[in-house]
Amino acid sequence: MFADYSMAELGAIFAMQGFAGLILFSVFVLMALGLAIIFGQMGVINMAHGEFMILGAYVTYIVSNIFAAYLPSLFGIYFFIAMFLAFIASGALGLFIEWAMIRHLYKRPLDTLLATWGLSLILQQIYRSVFGAREVGVSIPDWMMGSLPLTDLIEIPINGIFVMVLAVSISLAVYIMMFRSTWGRQVRAINQNRVMAGAVGINTEWTDRLTFGIGCGVAGVAGSAFTMIGSTGPTAGQLYIVDTFLVVVFGGAASLLGTIASAFSISQAQSIMEFFLSGSMAKVITLLVVVGILMIRPQGLFALKLRK
Amino acid sequence: MSDKGKSTDSLGMSRRAMLAGSAALTASLFTPKGLKAADYPTSEVNTTGLAVTDDTVTVGILHSITGTMAISETGSVQAEKLAIEQINAQGGILGRKIEYVQEDGASDWPTFAEKAKKLLVNDKVASVMGCWTSASRKAVLPVFEQYNGFLYYPTFYEGLEESPNVIYTGQEATQQIIAGLDWVNKEKGAKSFYLLGSDYIWPRTSNKIARKHIENFMEGCKVVGEEYYPLGHTQFNSVINKIRLKKPDVIYAIVVGGSNVAFYKQLTAAGIDPAAEKPLVLTISVTEDEIRGIGGENIAGSYACMKYFQSLENENNLEFVKSFKEMWGDDIVIGDVTQAAYLGPWLWKAAVEKAGSFDVDKVREAQVGIELPTAPEGYVKVHENHHLWSKTRVGKALADGQYEVVFETADLVEPDPFPEGYQ
């Protein structure tokens, strides 16, 4: 396969391929972080995760239209405002859903699966009624499209760099919140022992609500960012949900570091195999390996040591 | 191919027919003589117990209006309703107004089969306009054959099927593929092809036909890569790198659904501008409908090969686009399948009037050979194999989301659902 190419060409291709792997890694991290917070810390299986992402995407679509119509001079920076509003919108919807639905189901984890799946169908139909069944096209500022020619042969997609920077900053933000803030300490305390946490005066109800809201908000930011690389339609959230769960479960549900490690290993394996094999086969092999590892190690890559 | 040129001969009449949609009164002047319900007693035109009364006839519309396929099927429903309304404004069929029962297949194939049975058994509809994906058509096929229903199926598809109970108003694969490949070879000098698709029957069968044609019938041409990605795949950076490595002249892309959007956005972002034609992007899966999701700026310069583009400049089409926008709004776009769906009710009307009966067996017999000079795509004719003779065209995508037609076959292309040498 490589016989006809010069060393320089091969080097360039491998560099770009490595970069493709890193972009995939960042996409996985963005998809999975929100779910890791909700699933890992609260044990809620949120099947509507993809729809929270798409809400973020639709917010971006609305903001882009508003800027194009009323503030065309600021169009270049609308994306940052859109991401912030996406966080607020998805987060607020998350808070509401937790209050209206999830909190009644904490003692019945399997029922949350059904309830959130129902929620995902309801949200899809709402999007369809409001925005139409067809996909909408989100126009991205010019400076975020196109590629950066690093050398004559190597070209790096700018939106890829953007997604990577975003993934790193959101991971850092979540890390600081989880391990350096009072809220994070409370979340971890509740995760370890809910009854004791309540007994020492932590408001478990409010902490749960906030956790769910932040998880959904992060999903909204991810959805907003994905308008650059994917489609925005009522059912587009479904495209992400399988990969998202795969990453979170493989990483060890309760560990954020595990989520990142698992996103890294799955994305690298997949992008390397996609290069050497065909697309569908790469996916099959990735899934087989993940299933195999989970059979040997059901708790995932990283597991918290807990006294049960 | 002696049919060439008929479309122009009959334009005057066709235009009248189209105008009639908005002016019922004048329309009645042009309705062929004798088509009054009284001349066609119900007992004679309906001997099999279909839902035909002295002044109405009921048809079924069976598409997904919820679920993932709603995105594509909405346009077909709109086109069918427009055609029905226009036919009614002209006085209906055999003097009877068309009423429709609409059912939702909900993007779920067993649901399609169930609803098809409901339409045929409970509602006794005289014909059905419906289905979009091959999977849904395969699901309803046994139902239509068992209860002797009659289906008008609008989508371009992989071929390999010819049911006595279905009229295929879209193109089968060879009609759509071969002309486009020959064009890109002759006009653009393309020699090497990279075949890419979503992983299911239509892209795989189509690429198989493309590969056979490239390797066996196009001198000095070769396929340098062929691969498939699962439906809904959203990350194409690896395959884009692979394409860079292989340096094909043409990327032949049959990617569908949400993947489509991801593919073109990432292709542009990776610095492969379709407009530079290095490599050239040729697709058979992106209509004007899909471009709305992809964004015109991401796909401008790519070529699509199909039978209809909204920008076609003939009188039939100008009228069609105008009526369509009047009914469904100015911001609507019309893709290939939407136009094919529009043909369904008109083809059925012509067959019923030729047969002088709604009975499915008589309509089926009358349907073969029916000509439709009023079609927006231009003149079409029903082949013995229940597909349509139609022209194939190549369009170049523009940033505003429309296609500019750059090539059109001189003659109608014969449908060949079971192509020899391509299996």
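The values are calculated or read from the model by the stated rules, or taken from the named source; none is laboratory data. Since the structure is predicted, the reported quantities are computational estimates derived from the model, not experimental observations. Please note: Cβ atoms are built from the backbone with ideal geometry, for glycine as well, and neighbour counts cover all protein chains shown.
Side notes on the structure shown:
- Pairs with Cβ under 6 Å, 6+ apart, first in the range A:278-302 and within 14 Å of chain B (Cβ to nearest Cβ) and within 15 Å of A:L246 (Cβ to Cβ), second of a type outside the set (F, W, Y) and outside any helix (DSSP H, G or I): A:K283/B:P230
- Residue within the range A:138-155 that is out of contact with any Ser or Thr (no Cβ under 6 Å at 6 or more places or on another chain), of a type in the set (S, T, N, Q), over 29 Å from A:I260 (Cα atoms) and within 9 Å of chain B (Cβ to nearest Cβ) present: no
- Residue satisfying all of: in the range A:214-246; crowded, with 24+ Cβ neighbours inside 10 Å and of a type in the set (S, T, N, Q); farthest from the other protein chains (Cβ to nearest Cβ) among these: A:S224
- In the range B:168-175 there is no residue matching the filter, namely being surrounded by fewer than 24 Cβ atoms within 10 Å (Cβ to Cβ), touching a strand residue (DSSP E or B) at 6+ places or on another chain (Cβ under 8 Å) and in a loop (DSSP other than H, G, I, E, B).
- B:L195 being within 14 Å of chain A (Cβ to nearest Cβ), outside any loop (DSSP other than H, G, I, E, B) and either over 19 Å from the mean Cα position of the chain (by Cα) or without any contact (Cβ under 8 Å) to a residue 12 or more places away in the chain (or both): yes
- Tally, over the range B:340-387, of residues that are within 22 Å of B:G92 (Cβ to Cβ), touching a residue at least 60 places away in the same chain (Cβ under 8 Å) and part of a strand (DSSP E or B): 2
- The sole residue among A:F264, A:F275 that is at pLDDT 90 or above, closer than 25 Å to B:L231 by Cα and part of a helix (DSSP H, G or I) is A:F264.
- Residue check, A:T211 under 27 Å from A:L95 (Cβ atoms), surrounded by 17 or more Cβ atoms within 10 Å (Cβ to Cβ) and either within 14 Å of chain B (Cβ to nearest Cβ) or of a type in the set (A, V, I, L, M) (or both): no
- Filtered residue count, the range B:235-248, keeping only those that are facing chain A (nearest Cβ under 7 Å) and under 14 Å from B:D199 (Cβ atoms): 1
Residues checked against (1) touching an Asp or Glu at 6+ places or on another chain (Cβ under 6 Å); (2) of a type in the set (G, A, S); (3) more than 21 Å from B:Y152 (Cβ to Cβ):
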residue: B:N316; (1), (2), (3): no, no, no
residue: B:E326; (1), (2), (3): no, no, yes
residue: B:D331; (1), (2), (3): no, no, yes
residue: B:A340; (1), (2), (3): no, yes, no
residue: B:L343; (1), (2), (3): no, no, no
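- Out of B:Y252, B:Y264, one residue alone is more than 17 Å from A:T232 (Cα to Cα), at pLDDT 90 or above and touching a strand residue (DSSP E or B) at 6+ places or on another chain (Cβ under 9 Å). It is B:Y252.
- Search result, residues across the range B:177-193 that are touching a strand residue (DSSP E or B) at 6+ places or on another chain (Cβ under 6 Å) and buried (at least 22 other Cβ atoms within 10 Å of the Cβ): B:G180, B:V184, B:A190, B:F193
- Among helices (runs of 4 or more DSSP H) entirely within the range A:101-194, having at least 2 residues that are modelled with pLDDT under 85 singles out A:109-131, A:182-192.
- Note on the range B:245-293: residues that are out of contact with any helix residue (DSSP H, G or I) (no Cβ under 9 Å at 6 or more places or on another chain) and either in the same structural domain as B:T68 (by TED's automatic domain parsing) or assigned to a helix (DSSP H, G or I) (or both) total 4.
- The listed residue being closer than 27 Å to A:M228 by Cα and without any contact (Cβ under 8 Å) to a residue 40 or more places away in the chain, out of A:L153, A:L172, A:L166: A:L172
- Residues of the range B:268-285 classified as within 27 Å of the chain's Cα centre (by Cα) and either away from every other protein chain (no Cβ under 13 Å) or surrounded by 20 or more Cβ atoms within 10 Å (Cβ to Cβ) (or both), total: 7
- Residues satisfying the criterion are absent from the range A:73-86 (criterion: within 13 Å of chain B (Cβ to nearest Cβ), modelled with pLDDT of 85 or more and not in a loop (DSSP other than H, G, I, E, B)).
- Whether a residue is surrounded by 23 or more Cβ atoms within 10 Å (Cβ to Cβ), over 20 Å from A:R128 (Cβ atoms), under 22 Å from the mean Cα position of the chain (by Cα) and in contact (Cβ under 8 Å) with a residue 60 or more places away in the chain was assessed, and B:V59 passes this test.
- The lone exception for A:T60 - which of (1) farther than 17 Å from A:G223 by Cβ; (2) modelled with pLDDT of 90 or more it fails: (1)
- Any hit, the range B:230-242, residues being within 24 Å of B:A179 (Cα to Cα), in contact with a helix residue (DSSP H, G or I) (Cβ under 6 Å, 6 or more places away or on another chain) and assigned to a loop (DSSP other than H, G, I, E, B): no
- Checking each residue in the range B:66-89 for being within 14 Å of another protein chain (Cβ to nearest Cβ) and more than 18 Å from the chain's Cα centre (by Cα) picks out B:T66, B:G67, B:T68.
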